[in-house]
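The values are calculated or read from the model by the stated rules, or taken from the named source; none is laboratory data. Since this is a predicted model, take the numbers as computed values, not measurements. Neighbour counts run over all protein chains shown; Cβ positions are idealised from the backbone, glycine included. Only protein heavy atoms, including side chains, enter the accessible area calculation; ligands, DNA and RNA are left aside. Shrake-Rupley method; radii C 1.70, N 1.55, O 1.52, S 1.80 Å.
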Amino acid sequence: GDTDLSLAQLMTGALRQAITGIVTMPIKGVGSVARGVLGARGELQMEPIAFASGASDWNEGEDDYIAAIARTLAARPGIGAKIVGRALEDEARFTERLAEKRAKRVARALEDAGVDPEALEIAPVVIGETGVLVEVVPRSR
(Lines give C-alpha, C1' and ligand atoms only; values in the text may rest on other atoms or scores of the structure.)
Protein backbone atom coordinates (compact mmCIF):
# COMPACT_ATOMS: atom_id res chain seq x y z
CA GLY A 1 0.00 0.00 0.00
CA ASP A 2 1.02 3.55 0.78
CA THR A 3 3.74 2.37 3.18
CA ASP A 4 5.43 0.32 0.44
CA LEU A 5 5.44 3.31 -1.92
CA SER A 6 6.88 5.61 0.75
CA LEU A 7 9.59 3.09 1.58
CA ALA A 8 10.45 2.67 -2.11
CA GLN A 9 10.67 6.46 -2.56
CA LEU A 10 12.85 6.75 0.54
CA MET A 11 15.19 3.98 -0.64
CA THR A 12 15.42 5.47 -4.14
CA GLY A 13 16.24 8.90 -2.70
CA ALA A 14 18.89 7.46 -0.38
CA LEU A 15 20.49 5.48 -3.21
CA ARG A 16 20.56 8.55 -5.48
CA GLN A 17 22.16 10.61 -2.69
CA ALA A 18 24.78 7.91 -2.01
CA ILE A 19 25.71 7.61 -5.70
CA THR A 20 25.92 11.39 -6.06
CA GLY A 21 28.16 11.53 -2.99
CA ILE A 22 30.50 8.88 -4.36
CA VAL A 23 30.76 10.52 -7.79
CA THR A 24 31.33 14.04 -6.45
CA MET A 25 33.55 13.10 -3.49
CA PRO A 26 36.80 14.10 -5.20
CA ILE A 27 35.46 17.58 -6.06
CA LYS A 28 33.93 18.59 -2.72
CA GLY A 29 35.86 21.50 -1.28
CA VAL A 30 37.15 22.62 -4.65
CA GLY A 31 34.71 25.53 -4.77
CA SER A 32 36.50 27.49 -2.09
CA VAL A 33 39.79 27.25 -3.96
CA ALA A 34 38.45 28.27 -7.35
CA ARG A 35 35.63 30.82 -7.62
CA GLY A 36 32.73 28.43 -7.47
CA VAL A 37 30.09 26.81 -5.32
CA LEU A 38 28.70 23.32 -4.93
CA GLY A 39 25.27 23.06 -6.47
CA ALA A 40 22.25 21.33 -5.00
CA ARG A 41 23.31 17.96 -6.45
CA GLY A 42 26.93 18.27 -5.32
CA GLU A 43 28.23 19.45 -8.69
CA LEU A 44 30.74 22.26 -8.80
CA GLN A 45 29.48 25.40 -10.48
CA MET A 46 32.36 27.74 -11.21
CA GLU A 47 32.38 31.31 -12.40
CA PRO A 48 33.62 31.78 -15.96
CA ILE A 49 37.07 33.20 -16.68
CA ALA A 50 36.41 36.75 -17.85
CA PHE A 51 37.52 38.16 -21.21
CA ALA A 52 37.12 41.66 -22.61
CA SER A 53 34.60 41.91 -25.42
CA GLY A 54 36.06 40.57 -28.65
CA ALA A 55 39.40 39.68 -27.02
CA SER A 56 41.16 36.35 -26.82
CA ASP A 57 43.22 37.45 -23.77
CA TRP A 58 41.59 37.08 -20.37
CA ASN A 59 41.03 40.07 -18.13
CA GLU A 60 43.65 41.35 -15.72
CA GLY A 61 43.47 39.42 -12.45
CA GLU A 62 42.26 36.18 -14.03
CA ASP A 63 45.80 34.70 -13.83
CA ASP A 64 45.29 34.04 -10.10
CA TYR A 65 41.96 32.34 -10.76
CA ILE A 66 43.46 30.14 -13.49
CA ALA A 67 46.37 29.26 -11.19
CA ALA A 68 43.90 28.27 -8.45
CA ILE A 69 42.02 26.04 -10.89
CA ALA A 70 45.31 24.47 -11.99
CA ARG A 71 46.40 23.79 -8.38
CA THR A 72 43.01 22.26 -7.64
CA LEU A 73 43.09 19.96 -10.68
CA ALA A 74 46.73 18.98 -10.20
CA ALA A 75 46.12 18.07 -6.54
CA ARG A 76 43.11 15.87 -7.32
CA PRO A 77 43.90 13.20 -9.92
CA GLY A 78 40.31 11.92 -9.72
CA ILE A 79 38.93 15.02 -11.40
CA GLY A 80 39.31 16.60 -14.80
CA ALA A 81 37.94 19.67 -16.50
CA LYS A 82 35.71 20.36 -19.46
CA ILE A 83 36.69 23.75 -20.89
CA VAL A 84 33.89 25.58 -22.67
CA GLY A 85 34.86 28.56 -24.81
CA ARG A 86 32.06 31.09 -25.06
CA ALA A 87 31.46 34.32 -26.96
CA LEU A 88 28.60 36.72 -27.49
CA GLU A 89 27.19 36.94 -30.98
CA ASP A 90 28.24 40.57 -31.36
CA GLU A 91 31.78 40.17 -29.98
CA ALA A 92 33.58 39.44 -33.19
CA ARG A 93 33.06 38.64 -36.82
CA PHE A 94 34.27 35.10 -36.23
CA THR A 95 32.51 34.41 -32.94
CA GLU A 96 32.92 30.63 -32.93
CA ARG A 97 36.64 30.90 -33.65
CA LEU A 98 37.04 33.45 -30.83
CA ALA A 99 35.29 31.14 -28.34
CA GLU A 100 37.48 28.21 -29.41
CA LYS A 101 40.65 30.30 -29.18
CA ARG A 102 39.71 31.37 -25.63
CA ALA A 103 39.16 27.77 -24.54
CA LYS A 104 42.46 26.61 -26.02
CA ARG A 105 44.36 29.46 -24.31
CA VAL A 106 42.88 28.46 -20.93
CA ALA A 107 43.71 24.79 -21.54
CA ARG A 108 47.29 25.70 -22.45
CA ALA A 109 47.63 27.84 -19.30
CA LEU A 110 46.36 24.96 -17.15
CA GLU A 111 48.80 22.55 -18.81
CA ASP A 112 51.67 25.03 -18.33
CA ALA A 113 50.73 25.18 -14.63
CA GLY A 114 51.11 21.40 -14.28
CA VAL A 115 47.69 19.96 -15.08
CA ASP A 116 47.83 16.65 -16.94
CA PRO A 117 46.62 17.33 -20.52
CA GLU A 118 44.68 14.04 -20.35
CA ALA A 119 42.53 15.59 -17.59
CA LEU A 120 41.38 18.39 -19.90
CA GLU A 121 38.67 18.31 -22.53
CA ILE A 122 37.86 21.16 -24.90
CA ALA A 123 34.06 21.16 -25.18
CA PRO A 124 32.01 22.53 -28.08
CA VAL A 125 31.79 26.31 -27.99
CA VAL A 126 28.75 28.17 -26.70
CA ILE A 127 27.53 31.28 -28.48
CA GLY A 128 25.44 33.78 -26.54
CA GLU A 129 27.46 33.90 -23.31
CA THR A 130 30.92 35.24 -22.62
CA GLY A 131 34.09 34.08 -20.93
CA VAL A 132 35.45 30.57 -20.60
CA LEU A 133 33.71 28.14 -18.31
CA VAL A 134 35.77 25.41 -16.65
CA GLU A 135 33.49 22.58 -15.54
CA VAL A 136 35.08 20.22 -13.04
CA VAL A 137 34.06 16.64 -13.81
CA PRO A 138 34.98 13.19 -12.47
CA ARG A 139 37.91 11.94 -14.49
CA SER A 140 37.59 8.75 -16.46
CA ARG A 141 40.72 6.67 -16.30
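Do you know which of the residues in segment 83-101 that are part of a strand (DSSP E or B) and among the aliphatic types (A, V, I, L, M) is farthest from residue 117 (Cα to Cα)?
If we take residues in segment 83-101 being part of a strand (DSSP E or B) and among the aliphatic types (A, V, I, L, M), then 87 is farthest from residue 117 (Cα to Cα).
Any idea which residue in segment 70-82 is farthest from residue 112 (Cα to Cα), counting only those that are part of a strand (DSSP E or B) and not charged (D, E, K, R)?
Here the answer is 79.
Among residues belonging to segment 71-122 that are of a type in the set (Lys, Arg) and in contact with a helix residue (DSSP H, G or I) (Cβ under 9 Å, 6 or more places away or on another chain), point out the one that is nearest to residue 138 (Cα to Cα).
76
Taking into account only those residues within segment 67-105 that are at pLDDT 90 or above, open to solvent by 70 Å² or more (accessible area, probe 1.4 Å) and of a type in the set (Lys, Arg), which is farthest from the chain's Cα centre (by Cα)?
101
Within segment 110-129, how many residues turn out to be open to solvent by less than 50 Å² (accessible area, probe 1.4 Å) and over 23 Å from residue 94 (Cα atoms)?
Number of matching residues: 4.
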